[in-house]
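Novice: What follows is a single structure, and I will ask about it in a moment.
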Amino acid sequence: MKKLVIFLFVCCIQFVNSQELALVKKNSKIGYISKDGNFKIEPQYKAAKSFSNGLAAVEDGGKWGFIDTKGTWVIPATFSDAKDFNSGIAVVQKDKEWVYINTKGEVQKAPATEKVFDFNDGVAFIRQNKKVGLINTKMAIVLEPKYDQIKEFENGFARVELNKNWGIINTDGKELVEPAYAEIGNYFKNTTWARKDKTFGLVSGGKFIPVDGAEKIWDFEIQDLTYAKKNGKIGFIDLKGNWVILPIYDKAKAFSKNLAPVCVGSKWGFINPKAEFVIPPTYSDAEVFSSNGLAPVKEKNWGFINESGKLVIATQYGITANGIIAFFFKQDKGFIDGVARVKNEGKWGFLRPDGTVVGNQWFENAELFSEAEKRAAVAEVAPEKPKTETKSETKPATKTVKKPAGKKK
């Protein structure tokens, strides 16, 4: 009986943790829906933000606090402003100062810093004497301020700048690639692209490997191939820096599901790793395949094709404005965990893979679905992708729409 109780308890925790809610705006009020299309929290707020770590920042009477997924106030609205929770910590404005709080609303005493930064990947930046370091969620310094700049963490790694040279660190502050490069990319399978003087190449095992003729290299994202430019054209290289697909395309995007969007002239199609066109270049734009095997393609408007090139959702929608699709990141374009955010006749909604509209509803605004984790398990939750870089001097945003990350070096 005891084992049964434990089993049921675990199932309950998993069910709660798996819930996802999306912020939507209807009749000028904000509420939250689940993926079945039903309102879990009816539209009632003038200003609010998406859920993270099981809590959402909501404005009430000019002050901000946090509600849970039932709409119950967990942290009273006493703050002048508030940002999202991440790694169990949120930045709020209290008595004209920005401070950290935990999920109980308790102020956390942090080391001295010239600016209070968001937590991401379990760490936050601190800046002292114009140098940047890291603290953890226990408010302990894990990296003394030593760098001129630290960019946003991606999957536990971040680019750092020291004396105008760039390298890579992890969340422990360990230097994985020394700051010795004029430009550097993300860290993927112990490899990154970099520029040394005027030469582009890959850095692996501490060694710089020049890529023949490369004028630019983009980040490795999903597969062991990335696109690069040579003589003004785009091709693909592998993790060893070899050209595996000759640079003959005008534009290209990342491989996913062994298919990559490429542009010839003004038309987009999809090639496989053998450089064979699986889907002919007939579209005015195209995005990377999502994990469910559907990719956004554009004629006059956007629709979705499957891996054989069949149009499964008609090209009649607008889609969001950002980014490369990847399995490990929340992408704005395409399907994310079973739904795609689209725009139709000035309204926003969510599509299922069969083309039906979630809840058969369209909204004045709709944000991406976000995990609504159980608060008791916040410390165990995998950290989310960061939004803020250290160079920014702007105050934390109060709008519900998330801003794109800063341009990479």
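The values are calculated or read from the model by the stated rules, or taken from the named source; none is laboratory data. All values derive from a computational prediction rather than experimental measurement. In this analysis, Cβ positions are derived from the backbone assuming ideal geometry, glycine residues included, and neighbour counts consider all displayed protein chains.
Novice: Right, ILE135: among the aliphatic types (A, V, I, L, M) and within 23 Å of ASN163 (Cβ to Cβ) or not?
Specialist: The answer is no for ILE135.
Novice: Same structure again: Consider the range 85-101. How many of its residues are free of Cβ contacts under 8 Å to residues at least 40 places away in the same chain, over 17 Å from ILE126 (Cβ atoms) and buried (at least 24 other Cβ atoms within 10 Å of the Cβ)?
Specialist: 1
Novice: For the subset of the range 247-302 comprising residues that are among the aromatic types (Phe, Trp, Tyr) and closer than 22 Å to LYS230 by Cα, which member is surrounded by the fewest Cβ atoms within 10 Å (Cβ to Cβ)?
Specialist: Among those that are among the aromatic types (Phe, Trp, Tyr) and closer than 22 Å to LYS230 by Cα, it is PHE277.
Novice: One residue is enough: does the range 181-190 have a residue meeting the conditions over 18 Å from ASN155 (Cβ atoms), in a strand (DSSP E or B) and not small (Gly, Ala, Ser)?
Specialist: Checking the range 181-190: at least one residue is over 18 Å from ASN155 (Cβ atoms), in a strand (DSSP E or B) and not small (Gly, Ala, Ser).
Novice: Here is a further query. How many of the residues in the range 108-144 are assigned to a loop (DSSP other than H, G, I, E, B) and not β-branched (Val, Ile, Thr)?
Specialist: Qualifying residue count, the range 108-144: 15.
Novice: Going by the structure shown, is LEU225 on the phi < 0 side of the Ramachandran plot, of a type outside the set (Lys, Arg), out of contact with any Lys or Arg (no Cβ under 9 Å at 6 or more places or on another chain) and surrounded by fewer than 22 Cβ atoms within 10 Å (Cβ to Cβ)?
Specialist: yes
Novice: May I ask you to list the residues in the range 219-265 that are over 18 Å from ALA286 (Cβ atoms) and touching a residue at least 60 places away in the same chain (Cβ under 8 Å)?
Specialist: ASP219
Novice: Something else: State yes or no: is ARG159 assigned to a strand (DSSP E or B), in contact with an Asp or Glu (Cβ under 8 Å, 6 or more places away or on another chain) and not hydrophobic (A, V, I, L, M, F, W, C)?
Specialist: no
Novice: Another question, then. Among the residues of the range 8-56, which ones are out of contact with any helix residue (DSSP H, G or I) (no Cβ under 9 Å at 6 or more places or on another chain), modelled with pLDDT under 95 and not hydroxyl-bearing (Ser, Thr, Tyr)?
Specialist: Listed by number, the residues that qualify are LEU8, PHE9, VAL10, CYS11, CYS12, GLN14, PHE15, GLN19, GLU20.
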